[in-house]
Amino acid sequence: MKAIVVTDQAAGTAGMTLVERPEPEPAINDVVVQVHASGFVPTELTWPSTWTDRLGRDRTPTIPGHELAGVVSALGYGTTGLSVGQRVFGLTDWTRDGTLAEYVAVEARNLAPLPGDVDFTVGASLPISGLTAWQGLFEHGRFKAGQSVLVHGAAGAVGSVVTQLAHEFGAYVIGTGRAADRQKALDFGAQEFVDLGNDTLEDVGGVDLVIDVIGGDIGKRSAGMVRPGGTLVSVVGPPEARPADGLAIDFVVEADRAQLGEIVRRVRDGRLRTNIGTVATLDDAVAALNPTERVTGKTIIRVRP
């Protein structure tokens, strides 16, 4: 099969190459999925799990990518709940070969059915962005209707989903980003927008919940804006500062079939819009994942036409 591989951590996305690899075999409780579309998060090339397995052994050449939409082509021993020919989407294991390939082996429990009226490209854009937003808001952020939520990167892949979900569930949403992102963030449901290049972040006052996809100085300043009893949720590693009278939480997103179902249901009925920036073929993936200009929205690799 065709697959994108990486062998050199220092090279980053520039070290990606398109090669021929053996098709994967399903282990116990696995399925093999014929990949139709794949998502990719550039930061995964800095994750230890991309380069070593759970025992710390080198696992290069690695196939990156952890989001997929496709069709089940084979079942492993003991696998239940899915069937050959079924359309699925989901999130693959961090320490196994990923989805920038024509086939991938993945634990069945990490996948959810993909309705027939949802395009594979859309399905592949949802797992990391959707699950990160859902878990950040509802599990770790303990969001309640009526709260104010500061969403950094509100026009980005994760932030746009956070913004839409928070708006749907009754939040007052303050989005942040670059000046060019203002209208996009407002269209996704933010009531206010802070241009991080020109506006003063602290002018928005106190907030109940911060969802931070930026970190650094912005993360530290955001901690000081959290009201007593509020929460700062970071998706970019441990927060460097904590609210004076609140919680600071960081987390790694986890696969969850029920939550994927909630997310795709909202896509189908129009409550949730995807944020796809570029779609490229597997043959053109290396170039698409090494853009020469800033891309807004998520890059999706369409593995099959």
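The values are calculated or read from the model by the stated rules, or taken from the named source; none is laboratory data. Quantities reported herein were computed from a predicted structural model and do not represent experimental measurements. Note that each Cβ is placed from the backbone with ideal geometry, even for glycine, and that neighbours are counted across all protein chains shown. All accessible areas refer to the heavy atoms of the entire protein, side chains included, with ligands and DNA or RNA removed. Shrake-Rupley method; radii C 1.70, N 1.55, O 1.52, S 1.80 Å.
Dipole of the chain computed with +1 at Lys/Arg Cβ and -1 at Asp/Glu Cβ about the Cα centre; of 291, 226, 113, farthest Cα towards the positive end is 113.
Per residue, how much accessible area does the chain have with a 1.4 Å probe, in Å²?
Details: 12930 Å² over 305 residues.
Computed with neighbouring chains in place, this is 42 Å² per residue.
Taking the longest Cα principal axis of the chain as reference, the axis of helix 157-168 is set at about 60 degrees. Considering only protein heavy atoms and a 1.4 Å probe, what is the carbon-and-sulfur percentage of the accessible area of segment 26-173? With neighbouring chains kept in place, the figure for segment 26-173 is 57 percent.
Counting only residues at least eight positions apart within a chain, or on another chain, the aspartates and glutamates with an alpha carbon under 15 Å from that of residue 220 are 202, 212, 240, 245, 250.
Find the relative contact order for segment 109-226 and round it to a whole percent, using C-alpha pairs within less than 8 Å whose residues are 6+ positions apart.
After rounding, I find 23 percent.
Computed in the context of the full set of protein chains, the accessible area of segment 195-267 at 1.4 Å probe radius has 46% of its extent on carbon or sulfur.
Along the charge dipole of the chain, pointing to its positive end and built from +1/-1 on Cβ of Lys, Arg, Asp and Glu, which listed residue (259, 63, 237) has its Cα farthest out? Result: 259. Sorting 212-223, 124-135 by their mean Cβ neighbour count within 10 Å, with the most densely packed peptide first, gives 124-135, 212-223. Return the aspartates and glutamates within reach of residue 298: Cα separation strictly under 12 angstrom, same-chain partners fewer than 8 residues apart disregarded; answer none if there are no such residues. Straight-distance partners of residue 298: 67.
Below 8 Å between Cα atoms, with a sequence gap of 6+, how large is the relative contact order for the chain in percent?
Details: 752 pairs, mean separation 54.4, N = 305.
It rounds to 18 percent for the chain.
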